[in-house]
Amino acid sequence: MQKALTTRFLDFWLLGGASILVWLVMISLQGFRGNWAVGQHFSQLTATTLSLSLLVNYPHFLMSYKLAYTRGRSFVVGHWWQLIVVPIGLAGIFAAAYVFYDVPVRSLRVVSSASQVVGAWGANGQVLAGPRLGDLLFTAAFNLMVFTIGWHYTKQVFGCMMVYAHFDGYTLTKAQRDLTRWALLSIWGMSFVDNNIGGDFRAWRGFSYSSLDLPDIAGPISELVVGAGFVLVLYKVFYAHYKATGRRPSANLIAPFLALYVWWLPQTRQDEFYFLLVPFFHSLQYLAFAYKMEDARLHGSHNRELRATLIVVGVVVLGWLAFEFVPDTMDSRLGTVDAWGMYFFFTSAMLFINIHHYFIDNVVWRFKDPQVRAYLLG
């Protein structure tokens, strides 16, 4: 019997196949947006994805917390940096932003000096300009989120590929695994560069933050590196393996690999797909792994169906509370929009969970971890 996370057929669509198909449809119909039968679906996509977030995006974040913090005290203490220090540090940043939001950055000599140093290196000193301390702290958090998200996406795709290589008995050498990993990570580097060229201010939910204004030449250089990595993986990994063994990689192994390039390359970018659906399909990938872990953990347990239902309902409800209801209620009660022109708690919750999620997954999904080996790879 072939191994799978859910079923072989469903895994193909969850791990990347569905995203490639939807991208092809959206790219093909892009030129027909003036037609009502097409244009209405593009225009309604924001509302559609917001609703889908309740069932897919938010639960994928909450499942990472469950997988980490239900492993017992020894696991949490053993990974004290990611599971204790990081969340406390992030909470401290947002607490400081709330208390000292209106403090002028120009009154902080150390920040002014740092801004001059950053500018002297050719980067955008505006990232340290404020004008208020709260603006500065949120700008730093936004750029940290952009940094960690790209790394997280690429590492997850690498994990998808390595798990299916294990399922398929598609043995790769260490050099081939390393080449694949670094080729994927180059996409993260390219996305970070792409997000920080221009030095302009960008808005999100009433908050404006500045990019780093990296040199324009960094864009095409990073894209050339990505292209070279893609070609090298095709030749040094897939073709070399075929030449040595006569075996081709399965569609389930290839799907997440190709999907990541569709998701992130500027040349393949379709705006609604990039901003709205890429996070959705990334979350689908994650939930396939979470399902495998929880299904194996609950196997043979008493009231298995009831426990599984409670987990599903719990992560959906808690996700809605964490991302929407609680922060929106606090913003309304404390008048943050009137005071600072931004949804303070809504933005803080989004930043906190996105950034911490990366650190959580850094310890939860390790192939040498006994639970991963037993429940995911076993």
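Structure summary
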{"quantity": "Where a residue in region 279-293 is closer than 22 Å to residue 264 by Cα and its partner, wherever it lies, is outside any helix (DSSP H, G or I) and among the β-branched types (Val, Ile, Thr), with Cβ under 8 Å and at least six apart", "calculated": "280/56; 283/56; 284/56; 287/56; 288/6"}
{"quantity": "Within region 302-341, tally of residues that are of a type in the set (Asp, Glu), in contact with a helix residue (DSSP H, G or I) (Cβ under 7 Å, 6 or more places away or on another chain) and open to solvent by 70 Å² or more (accessible area, probe 1.4 Å)", "calculated": "0"}
{"quantity": "Within region 129-166, considering residues that are small (Gly, Ala, Ser) and under 14 Å from residue 362 (Cα atoms), the one most open to solvent (accessible area, probe 1.4 Å)", "calculated": "159"}
{"quantity": "Test: residue in region 72-83 that is under 21 Å from residue 362 (Cα atoms), open to solvent by less than 40 Å² (accessible area, probe 1.4 Å), under 20 Å from the mean Cα position of the chain (by Cα) and not hydroxyl-bearing (Ser, Thr, Tyr)", "calculated": "yes"}
{"quantity": "Considering residues of region 212-222 that are open to solvent by less than 60 Å² (accessible area, probe 1.4 Å) and without any contact (Cβ under 8 Å) to a residue 60 or more places away in the chain only, the residue farthest from residue 198 (Cα to Cα)", "calculated": "222"}
{"quantity": "Condition met for residue 186 (open to solvent by less than 30 Å² (accessible area, probe 1.4 Å), modelled with pLDDT under 85 and of a type in the set (Ser, Thr, Tyr))", "calculated": "no"}
{"quantity": "Some residue of region 37-44 being part of a helix (DSSP H, G or I), of a type in the set (A, V, I, L, M, F, W, C) and farther than 24 Å from residue 262 by Cβ", "calculated": "yes"}
{"quantity": "Qualifying positions in region 51-107 - assigned to a loop (DSSP other than H, G, I, E, B) and within 22 Å of residue 293 (Cβ to Cβ)", "calculated": "56, 70, 71, 72, 79"}
{"quantity": "Number of positions in region 224-254 that are touching a residue at least 40 places away in the same chain (Cβ under 8 Å), surrounded by fewer than 18 Cβ atoms within 10 Å (Cβ to Cβ) and either among the charged types (D, E, K, R) or not in a helix (DSSP H, G or I) (or both)", "calculated": "3"}
{"quantity": "Per-region count, region 263-274, residues open to solvent by less than 20 Å² (accessible area, probe 1.4 Å) and in a helix (DSSP H, G or I)", "calculated": "2"}
{"quantity": "Whichever residue in region 173-183 is of a type outside the set (Phe, Trp, Tyr) and open to solvent by 20 Å² or more (accessible area, probe 1.4 Å) and, among such residues, is nearest to the chain's Cα centre (by Cα)", "calculated": "181"}
{"quantity": "Subset of region 213-270 (residues that are within 23 Å of the chain's Cα centre (by Cα) and of a type in the set (Ser, Thr, Tyr))", "calculated": "222, 261, 268"}
{"quantity": "Members of region 7-64 that are of a type in the set (Gly, Ala, Ser) and open to solvent by less than 50 Å² (accessible area, probe 1.4 Å)", "calculated": "16, 17, 18, 19, 39, 53, 64"}
{"quantity": "Filtered residue count, region 328-376, keeping only those that are within 23 Å of the chain's Cα centre (by Cα) and either of a type in the set (A, V, I, L, M) or over 30 Å from residue 2 (Cβ atoms) (or both)", "calculated": "23"}
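The values are calculated or read from the model by the stated rules, or taken from the named source; none is laboratory data. Since the model is a prediction, treat every value here as computed from it, not as a measurement. Here the Cβ is made from the backbone with ideal geometry for all residues, glycine too, and neighbour counts use every protein chain on show. Areas reflect the complete protein model, heavy atoms only, side chains present, ligands, DNA and RNA absent. Shrake-Rupley method; radii C 1.70, N 1.55, O 1.52, S 1.80 Å.
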